[in-house]
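Every read-out reported here was derived from the displayed coordinates using simple, explicitly stated rules and does not represent laboratory data. Note that the structure is a prediction, hence the values are computed from the model and not measured. Ideal geometry is used to build each Cβ from the backbone, glycine not excepted, and the neighbour counts take in all protein chains shown.
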Amino acid sequence: MESILDNKLYEAFATASEYVYIYVSDFRTDLARWSKNAVEYFGLPGEYVKDSANMWQSRVHPDDKKKYMEDIGEVFEGGKSKHDCRYRVKNKYNEYVWVECRGSVITDQEDQPVLFAGILTRIDSYSKYDALTGLMKLDEFFQCELGMEQGALLLICIDEFRKIVSSHGYEYGDKVLVEFSKRLISLGEDKYSIYRFSGDEFMLVCPEMKLKGAKQLFQKISEELAVFDENHKHQLRLGVSGGVTFYPEEGREKEGLINNLEHSLEYAKKNCRGGIVVFNQEIADMQKRAQLLCEDLKNSIRSGFKGFELYFQPLYEKTTNNIGGCEALLRWKGDHIKDSCPSEFIKVLEDHGDIRDVGYWVMEQALWYQKKWQMFYPDFHLSFNVSYQQFMDENFVDILFQKVREIDADPQKIIIELTESCQVQEPESLAIAFRRLREYGFTIALDDFGTAYSSMEMLKYLPVNYIKIEHSFVKDLANEGHEIDYIIIESLLSLCKKLNCMSIVEGVENSSVKNMIEKMDVTYLQGYYFSRPVPEEEFRKMLIEAYKA
Ligand code: C2E
Ligand code: CA
């Protein structure tokens, strides 16, 4: 059968690449020839297939069939010259894979169709397209040319996608992503190029788009893509947040533009979920500061914890009416950033996993100070903060014991404060660590008690000696309209008593609050009324003064 399907040219093309498949269909005989690798990979009946169009169509994913049929129909009807379509098709393992199919009709001299020839490329197999959604991967963005006129880049993310996956499962999550991508395409593929940015984030490159257009587009996406309804089973409302930046206004350098986008989306997620944030100078400054802060902190750590220092805030003991101890609080000044407060830089340390190293430094310093002050004030207690992340280090307790031995500190005079107890995910292992610490003589405090929903639960699981009542309940206690704070503090303190726990009330800022708290059953008071946290030198003077008599 020496026919048009059997020539050397075909053979040459048919073996060009493992992921590229060739087919040629003869209109007159309705016989098609498929390359051998296609027969093998898609499990076709053979190289030569009669009624190939129907055979192939039956393998196309049901969701993509309409698009496929429309495109190919238009080519056969002469509406367009080339078949060019991306869709999913079943392989021999019955798995759907994404392919890009390009084909053309070849006509004879009388303009009658003779052949339909095409090339199929498996687009999951090389990096241009994302395997799940069929959208372009971000790498492709770096290959594309941004036009000369003003355009917009939008980064869109599905809000709380992780929650969707954890409540409905991964498979369902994948369906949501595929459906969302499809809708993004149908909403305006002709107006923008779409890239899968990362898990639940999609980037749209919109040439010739200005601020108004970008906002309208985002609005449209939020409204039209919001409801996901899988076979009318469970309807899901998807929220989206977005960031937008413009070129050439914000530059043409793609890394920089992507940075802008990530920061504006991050800002949107934190500050106005469900909205879109336009990259601006304020965000740029925040971004610069965050970057500098991170570099500065790393530099400090590398240079032997340069710039870190412990400050001390007195703990007033109610029974002795004197300083009974102190809380060690971390301070830091970087080479460039000099004004970062603990809540800012400790968050960065935690986010980057550096809190463990810094935490060990704090631990060592705190033990030295305890040993030093104990010589002069034998009953003095020192507390230091340990975040949950530090406890997650399985060596934490052993290292602490080892340091205590090395320094010869007294664990009986040390209080360990567990900060951000709301993040505790494995209370059982934390309880084991706490028990070991208590057996060794340490005292343990639950910090910021009452601020997290899980506070009570923590109390149930964790063997603690102290509860620290957070300053937000305390500082305005004496002001009108804060009666509820009084009730909360009193109830928490009575709970402490019933549980045989001691208590520290922090945030005592003035004498009226001090007088009110003192009437309650409390062990220590802490706050600006007594003193702000101060450097060692100043604290030493405070101690000398307090113990003068
Ligand atoms: P925290 O453990 O709740 O520490 C008490 C915070 O309240 C301190 O803030 C202290 O300066 C502040 N404070 C004390 N008295 C008053 C008052 O009367 N009114 C008000 N409004 N605030 C008062 P600071 O030093 O900025 O520390 C913030 C947080 O940073 C700490 O909160 C703690 O969670 C964390 N932190 C500080 N040092 C360390 C550390 O060495 N390790 C870890 N992991 N976290 C630390
Ligand atoms: Ca604390």
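Kirkwood analysis of region 420-549, using all unique Cα-Cα pairs, places the hydrodynamic radius at 16.0 Å. With contacts taken as Cα pairs under 8 Å and at least 6 residues apart, region 462-549 reaches a relative contact order of 29 percent. Shape class for region 245-300: oblate, because the ratio a/c of the largest to smallest gyration tensor axis (alpha-carbon atoms, square roots of eigenvalues) is 1.5 or more and b/c is at least a/b. Ranking of 282, 536 by neighbouring Cβ atoms within 10 Å, starting from the fewest: 282, 536.
Between residue 175 and residue 106, the modelled label-to-label distance comes to 4.4 nm, taking each label 7 Å out from Cα in the direction of the beta carbon. The share of C-alpha pairs in region 136-279 whose separation exceeds 27 Å stands at 17 percent. Measuring between their Cα centroids, region 273-310 and region 129-169 lie 26 Å from each other.
The ranking of 488, 323 by Cβ neighbour count inside 10 Å, starting from the fewest, reads 488, 323.
Here's the picture: a label point sits 7 Å out from the Cα of residue 457 along the beta-carbon direction, and within region 369-391 the residues with their amide nitrogen under 19 Å of it are 388-389, 391. Residue order for 534, 513, 176, fewest other beta carbons within 10 angstrom first, comes to 534, 176, 513. Only Cα sites of the chain enter the Debye sum here, all with the same form factor; the resulting log10 I(q)/I(0) across q = 0.06, 0.07 1/Å is -0.50, -0.63, listed in q order. Taking only the Cα atoms of region 301-547, the ratio Rg/Rh comes out at 0.94, with Rh defined as the Kirkwood radius.
Rg and Dmax, both from the Cα atoms of region 2-125 and both in Å, are 13.8, 43. Viscosity 1.306 mPa s, temperature 10 °C: give me the Stokes-Einstein translational D for region 105-197 in µm²/s, with Rh taken as the Kirkwood radius over C-alpha pairs. The Stokes-Einstein estimate is 97 µm²/s.
Our summary gives region 301-547 a relative contact order of 19 percent, counting only alpha carbon pairs under 8 angstrom and 6 or more residues apart.
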